[in-house]
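**Q** Here it is, the structure in full.
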Amino acid sequence: MNDDLLKKYAQLLVKTGVNIQKNQTLVISSPIECASFARIISELAYKEGAREVVMNWRDELSAKIKYLHAPEEIFEEFPEWQKDFYLYYVRKGAAFMSIAASDPELMKDVDPERLRKSNKASSTALKEYSESIMSNKNSWCVASIPTRAWAKKVFPNATEDEAVEELWKSILKSVRADTEDPVTAWNEHKSYLKKSMDFLNSNNFKFLQYKNSLGTDLKVELPNNHLWLGGSEYTPEGVEFIANMPTEEVFTLPKKTGVNGTVVSSKPLNHNGNLIENFSFTFKEGKIVDFTAEKGYESLKNLVETDDGSHYLGEVALVPYDSPISNSNILFYNTLFDENASCHLAIGRAYPVCIKNGENMNDEELGKAEVNDSLTHVDFMIGTKDLEITGITADGKEIPVFKNGNFAF
């Protein structure tokens, strides 16, 4: 990939993504396969005035070896030094950049129970860190670049080099880094998302009713004082950042006990190196009371059974079927991209910032406001070309929100 284009992309992530501030620390979590790009980000962050850039390398191949051969009890432990690492930097006000680029099926031979135990141990240990990130107390950004295994999954009929090249092109287009002025392009995109947010916030819907030909028939109640967000977000100090690059969604939270009906997935879910395909959930008073999956049932079961909160939803997100990533007709097998090609929901913890003053509420106050809490937060895609969403106001007025998969306003 062209060096100038790589630097242009990295600059976008540093200045618009995390929006690094002078004398601020940046923590970069990256697969070792993406090391060269992570170093470009590091150099640019220093040039923008970062006090320190801390590298947090991940090696999923070594992780697989551990999952296959380590004794069972190790997966119920989480090293204190790793917990201290995250808490130290989140309390220092660091910005966090994460490069999401995993092999979608690397862990298919691993016992899902081992993955569940490991995830629960890490999520429990890092709860304070997760709460800070999801409350936007620290700026953060998730982005991606190709790895060979991931690229071959997306483009199986291409050679490895061709697949990587094609995935690079797709990623750079999705984040508008291939435009002459990406920052201006993002400012225009944020204005577009704001129009949808303004429509949804001004109508203050009490319910959203979802229906499509896959079998989705779901009614989602929204809590009092909910807020629709999208595009950029802000730290308490007023620093603007973009948490996901790309992003095409506007999102809010559901009332924890207000979800009823059935929802059917429209895309596979890559969860912990396993693909879950053609799955569905049935809800009663917010709780998942039944679920099915043609592939990856045990992985789905372990996800749902993470804790009590993982039986409930934490996010409602709207993405037009004719959004740029959807129109690329590429199945990325990576939630960062696939969720921005499709309306989606999320199992688990809700973003407190999606309810008025939620970032300043404690757990008890959030619970009383029907904001779901959990150790996990996993998005899954439900959008289709024929998805119909009707907004219902508190006085019973019905207003079309989605028609034929796209916004109706």
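Taken together, the values in this text are just the output of simple stated rules run on the coordinates, not laboratory data. Quantities reported herein were computed from a predicted structural model and do not represent experimental measurements. Neighbour counts are summed over all protein chains in view; Cβ atoms, including those assigned to glycine, are modelled from backbone coordinates with ideal geometry.
**Q** Go through P254, G358, N244 and say which Cα lies farthest out towards the positive end of the charge dipole of the chain; charges sit on Cβ, +1 for Lys and Arg, -1 for Asp and Glu.
**A** G358
**Q** Taking the convex hull of the Cα atoms, report for segment 182-277 its projected area averaged over all directions, in nm².
**A** Convex hull of Cα atoms, orientation-averaged projection: 8.8 nm².
**Q** Can you give the percent of C-alpha pairs in segment 3-174 whose distance is more than 22 Å?
**A** Percent of Cα pairs beyond 22 Å in segment 3-174: 51.
**Q** Along the three principal axes, how long is segment 242-368 when you take its alpha carbons, biggest first, rounded to the nearest angstrom?
**A** 42, 33, 26
**Q** Can you compute the charge dipole magnitude of the chain about its Cα centre, using +1 on each Lys and Arg Cβ and -1 on each Asp and Glu Cβ, nothing else charged? Give it in debye, rounded to the nearest 20. Spell out each step's value before the answer.
**A** Values: 45 positive and 61 negative charges, 124 e Å.
The dipole of the chain has a size of about 600 debye.
**Q** May I pose another question? Looking at the chain, send over the antiparallel percent of its DSSP beta bridges, to the nearest 5.
**A** 75 percent
**Q** Oh, and also: Once Lys and Arg get +1 and Asp and Glu get -1 on their Cβ, which of A341, I288, N224 lies farthest toward the positive end of the dipole of the chain?
**A** Of A341, I288, N224, it is N224.
**Q** Given q = 0.07, 0.08, 0.11 Å⁻¹, what are the Debye log10 I(q)/I(0) values for the chain, with equal point scatterers placed on the Cα positions and solvent ignored?
**A** Computed log10 I(q)/I(0) values: -0.30, -0.40, -0.81.
**Q** Further, regarding this structure: So what's segment 355-409 giving for Cα Rg divided by 2.2 N^0.38 Å, two decimals?
**A** Dividing the Cα Rg of segment 355-409 by 2.2 N^0.38 Å gives 1.58.
**Q** Where the only charges are on Cβ atoms (+1 Lys, Arg; -1 Asp, Glu), what is the dipole of segment 266-386 about its Cα centre, to the nearest 20 debye?
**A** 300 debye
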